[in-house]
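This report refers to the structure that appears directly beneath it.
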Amino acid sequence: MTHASTLITRPVMRLPAWLRAVLLPILGGVLALLAGALLIALAGVDPLAAYAALFRGAAGGPRQLTETTLLATPLLIIGLGLTVAFRSQVWNIGAEGQYTIGALCGGIVSLALPNVPLPLLVALMLIAGLIGGALWAGLAALLKVRSNINEIISTLMLNYVAYYFLLFMAREPLKDPSSYLPQSGKIVPLPALPNRLHIGVAIALILVPVVYVLLFKTPTGFRWRAVGSNPNVARYAGIRVSRQIVTAMLFSGALAGLAGIIQVAALTGRLKDGISGNFGFTGILVALLGRLHPAGVLVAAVFFAMLNNGAEAMSVSAKVPVAIATVIQALVVLFILAADALAQRLRAV
């Protein structure tokens, strides 16, 4: 690197680590939005008008804010779970399936115990969702530690197994006899909060500091991060790497399952096709965009929810294709990852 370029990079590298952690995602997001503006302009639409419509659709009033919050809730819960897995270098790509199995397990509890008092039933449903998601992730974890099967492949394949298993259950054992559609009976709804919100929103917000403390202030979190940093060094230090892989995967799957039963009980109301909305896959982007930090995941979940909810308004008001919002999401992640790679290269100078 030339002397001039070194002088340019030195002020950046003198910034505190926490400030770089904030500025780099912002820079990546701004560049992504600029690139998205170029795509919108190529579609023959004024980018400023399109982004204004997107913002109004996502946060232009109480109804829009409520919809954005409801969409951000499952993304936040799943993203927090994936943050733990990715911090441990466990590449869980199966949150979609874990979400589905968690919803299925919690839904079965609701349908099987209709006479249980509501507070107890809701608690049992949430616990069943946690256990279902954890066990589904645990299958992939055992395959990895016992047979050294790549968790990316196993978790991805288990997504399809979970999906078709849900379809079978909704068409046969759990089908509502009073309906012609392949869907279960009604799931007990979660207790409501003001403005059409539900207790799942509160649970998601509580999980942010809980996951932060777990990851950065407890021995368990230290072991997870140590394995993720260098499994050989962690093993030499006496940490049982296989155990940490399993526990990280279980925790990640449990939160995905929790998100599943929360979303179904609060909004969908029945077990049927299409309950996931690709939350599991979007949660991967949320975790990465949040730089694997609980606070960042919260911001990323809200950002993605705003993009998704604002895309429809942008399409209707500004005549912009909805697919462009998806492209912008991908650009945000790519630009932020590029900013991370640049920062690592600068640190090596």
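No lab work stands behind these numbers, since they all come straight from the coordinates. What you see is a predicted model; the values in this text were computed from it and never measured. Cβ: placed from backbone, ideal geometry, glycine included. Neighbour counts: every protein chain shown.
Okay, helix-only estimate at 222 nm for the chain: each DSSP H run of n ≥ 4 adds -39500 (n - 2.57), divide by all residues, round to 500 deg cm²/dmol; what do you get?
Theoretical 222 nm ellipticity from helices: -26000 deg cm²/dmol.
Using amide H atoms built 1.01 Å from N in the peptide plane, name the residues 5+ places from H198, or on other chains, whose amide H lies under 5 Å from its own.
Under 5 Å from the amide H of H198 lie the amide H atoms of L193, each far enough along the sequence or on another chain.
Given the options T155, T282, T66, state which has the largest fluctuation in a GNM of the chain using a 10 Å cut-off (strictly under) for Cα springs.
With Cα springs under 10 Å in the chain, the top fluctuation among T155, T282, T66 is at T66.
Give the Debye-formula value of log10 I(q)/I(0) at each listed q (0.08, 0.11 Å⁻¹), with one equal scatterer per alpha carbon of the chain, two decimals each.
Those come out to -0.43, -0.79, one per q.
Taking the alpha-carbon centroid of each part, what is the distance from region 173-231 to region 76-90 in angstrom?
Taking the Cα centre of each part, region 173-231 and region 76-90 sit 13 Å apart.
Which helices, counted as full DSSP H runs in the chain, have an axial Cα extent of no less than 27 Å and a Kyte-Doolittle average of -0.5 or above?
17-42, 62-87, 118-147, 151-171, 241-263, 294-318, 323-347
How do F216, F279 line up, fewest other C-beta atoms within 10 Å first?
Starting with the residue having the fewest Cβ neighbours, the order is F216, F279.
Using only the Cα atoms, work out Rg/Rh for region 255-317, with Rh taken as the Kirkwood radius, to two decimals.
1.02
Can you figure out the FRET efficiency of A323 with R240, using R₀ = 51 Å and their beta-carbon distance, to the nearest 0.05?
0.65
Who wins for biggest fluctuation among A305, A256, A226 in a Gaussian network model of the chain, springs between alpha carbons below 10 Å?
A226
I want to check the label-to-label distance for R56 and E312. Put each point 7 Å from Cα in the C-beta direction and report it in nm to one decimal.
1.7
Please find, in a Gaussian network model of the chain (springs between Cα atoms separated by less than 10 Å), the residue of A162, A325, A41 whose mean-square fluctuation is greatest.
Per the Cα network of the chain with a 10 Å cutoff, A41 tops the list.
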